[in-house]
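The values are calculated or read from the model by the stated rules, or taken from the named source; none is laboratory data. Note that the structure is predicted; figures quoted are calculated from it, not measured. When we count neighbours, we look across all protein chains shown, and the Cβ atoms used for this are built from the backbone with ideal geometry, even at glycine.
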């Protein structure tokens, strides 16, 4: 999530229209297959970056994709790319900090595609610049809490009946900051850790109903990260130096593929886990 | 906290404890028995349900810490052991009302965050050897019908790691001690039916947690930071 808060709720379905050139969304292309044929995947915060990468990867595996964003128009290029490549998509305007928006997005998905198999909560508010814990503004903390912790609760409650009906999967996008803490983004580490604690508990609660709950901790070359690199090229050098695979993950090919794994039957015996897709930058 | 590797961990240490009674009282008893001088610091003492910023925001937390530090004449260790009482009620997440989630779960994280911020304002001046966050093991293990508790606990555990990387420059270690949620319950009941631990029983903060807290403040533990020590009778065996 970036930009200003929006009033949510309107639903649009841009299933027609031409291909949109968006190399930042699809630089290496998704892996194609049928792992998610007939399944419906809802992704929050999917207008760009990791969320868009997950949408494109799931669509390339046959999923119906529900793309949510605070501003529906922002998500149109992603939806149009899906449609241009033969997929099925819809866009739902949704501010995840508003429970009614989340409920409406889930209901719209169910109404349009007949059910919901996978809920991916990816949206996160602006993290802000690196700071010591004592210097983090209250506004930043509140944004982190509302978009990560509060919205995870909303997404989980809204999705559960539908996931249980189809033995589905809930995925939270987290970070290695939620595994090992973070020196400069302490609030981010707290909320990502909190999401992992929630996921582990829900995995226990919902396992008997056949619903799996996992986390995905990515390292991805998002537009925000590209901007950061342009401003400070040394950061890219440092990051690559401690990443054994010597590249920052592509949102679609690298991170989207990991999300497809957690969404699909390939991971049918995996729950309560954090899948770390960081090119080896973090090792447990 | 101790004055040398041969002395008892905790002897002579000046310790600030914040958290939920009676856990804090039991913890204080254990630390005192080890020879530490303890002061409780929590503006919500007597109001354990208070989590609104006006009640326990960063400023009043800081004032309570300052009062305790003045009383002690210095600070060697700070211990945080807060758990919101509503987090100890077993309930499936799908049945948790939004207002309770906000109050108990997010409110707890708010409160602990403000505590860390207030402490962050002071740690460079006080230079305590040790900061310890005592948390329920639920954050590590996940907990059926205890999602709110686990959410808070795992968030706090990552907060401790983040603080450890910042406050090491001051010679301060920051660690977490994970223990059973039953230690915060005033009665013998076990709301979460934890039945498979090698060591049975609810546990006792004075006996089972205080010695670890004292140890973490000892010079012998000065290279131990950003860690989680698990003292839950073997309930969680993930590492």
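What the table shows:
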| quantity | calculated |
| --- | --- |
| Failed item in (1) in a helix (DSSP H, G or I); (2) surrounded by fewer than 24 Cβ atoms within 10 Å (Cβ to Cβ); (3) modelled with pLDDT of 95 or more, with residue A:202 passing the rest | (2) |
| Any hit, segment A:73-86, residues being within 24 Å of residue A:212 (Cα to Cα), in contact with a strand residue (DSSP E or B) (Cβ under 7 Å, 6 or more places away or on another chain) and outside any loop (DSSP other than H, G, I, E, B) | no |
| Hits in segment B:121-147 - residues which are within 11 Å of chain A (Cβ to nearest Cβ), closer than 30 Å to residue B:74 by Cα and in a helix (DSSP H, G or I) | B:121, B:122, B:123, B:124 |
| Complete set of residues in segment B:22-57 that are at pLDDT below 85 and not in a helix (DSSP H, G or I) | B:42, B:43, B:44, B:45, B:46, B:47, B:48, B:49, B:50, B:51, B:52, B:57 |
| The lone exception for residue B:128 - which of (1) touching a helix residue (DSSP H, G or I) at 6+ places or on another chain (Cβ under 7 Å); (2) surrounded by 22 or more Cβ atoms within 10 Å (Cβ to Cβ) it fails | (1) |
| Which listed residue, of B:168, B:74, is closer than 21 Å to residue B:218 by Cβ, modelled with pLDDT of 95 or more, outside any helix (DSSP H, G or I) and more than 15 Å from the chain's Cα centre (by Cα) | B:74 |
| Looking only at segment B:155-169, and only at residues there that are in contact with a strand residue (DSSP E or B) (Cβ under 8 Å, 6 or more places away or on another chain) and surrounded by 24 or more Cβ atoms within 10 Å (Cβ to Cβ), the one that is nearest to the other protein chains (Cβ to nearest Cβ) | B:161 |
| Number of positions in segment B:67-120 that are within 14 Å of chain A (Cβ to nearest Cβ) and free of Cβ contacts under 8 Å to residues at least 60 places away in the same chain | 26 |
| Lone unmet requirement of (1) facing chain B (nearest Cβ under 7 Å); (2) surrounded by 23 or more Cβ atoms within 10 Å (Cβ to Cβ); (3) over 20 Å from the mean Cα position of the chain (by Cα) for residue A:196 | (3) |
| Count of residues meeting criterion [in a strand (DSSP E or B) and out of contact with any strand residue (DSSP E or B) (no Cβ under 6 Å at 6 or more places or on another chain)] in segment A:46-70 | 1 |
| Within segment A:59-77, tally of residues that are farther than 19 Å from residue A:102 by Cβ and in contact (Cβ under 8 Å) with a residue 12 or more places away in the chain | 7 |
| Residue in segment A:258-269 that is at pLDDT below 90, crowded, with 17+ Cβ neighbours inside 10 Å and touching a helix residue (DSSP H, G or I) at 6+ places or on another chain (Cβ under 7 Å) present | no |
| Filter result for the condition that a residue is modelled with pLDDT of 95 or more, more than 11 Å from every other protein chain (Cβ to nearest Cβ) and not in a loop (DSSP other than H, G, I, E, B), over B:210, B:150 | B:210 |
| Given (1) more than 7 Å from chain B (Cβ to nearest Cβ); (2) surrounded by 22 or more Cβ atoms within 10 Å (Cβ to Cβ); (3) assigned to a helix (DSSP H, G or I), index of the condition residue A:207 fails | (2) |
| Top-ranked residue in segment B:77-87 [being assigned to a helix (DSSP H, G or I) and modelled with pLDDT of 90 or more; ranked as surrounded by the fewest Cβ atoms within 10 Å (Cβ to Cβ)] | B:86 |
| Hey, residue A:220 at the interface with another protein chain (Cβ under 10 Å from one of its Cβ atoms) and closer than 20 Å to residue A:44 by Cβ or not | no |
| Criterion violated by residue A:227 - all others in (1) assigned to a helix (DSSP H, G or I); (2) away from chain B (no Cβ under 14 Å); (3) farther than 30 Å from residue B:113 by Cβ satisfied | (3) |
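Yes/no matrix, rows are residues, columns are (1) surrounded by fewer than 23 Cβ atoms within 10 Å (Cβ to Cβ); (2) assigned to a helix (DSSP H, G or I); (3) free of Cβ contacts under 8 Å to residues at least 24 places away in the same chain; (4) touching a strand residue (DSSP E or B) at 6+ places or on another chain (Cβ under 6 Å):
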residue	(1), (2), (3), (4)
A:237	yes, yes, yes, no
A:240	yes, yes, yes, no
A:247	yes, no, no, no
A:256	no, yes, no, no
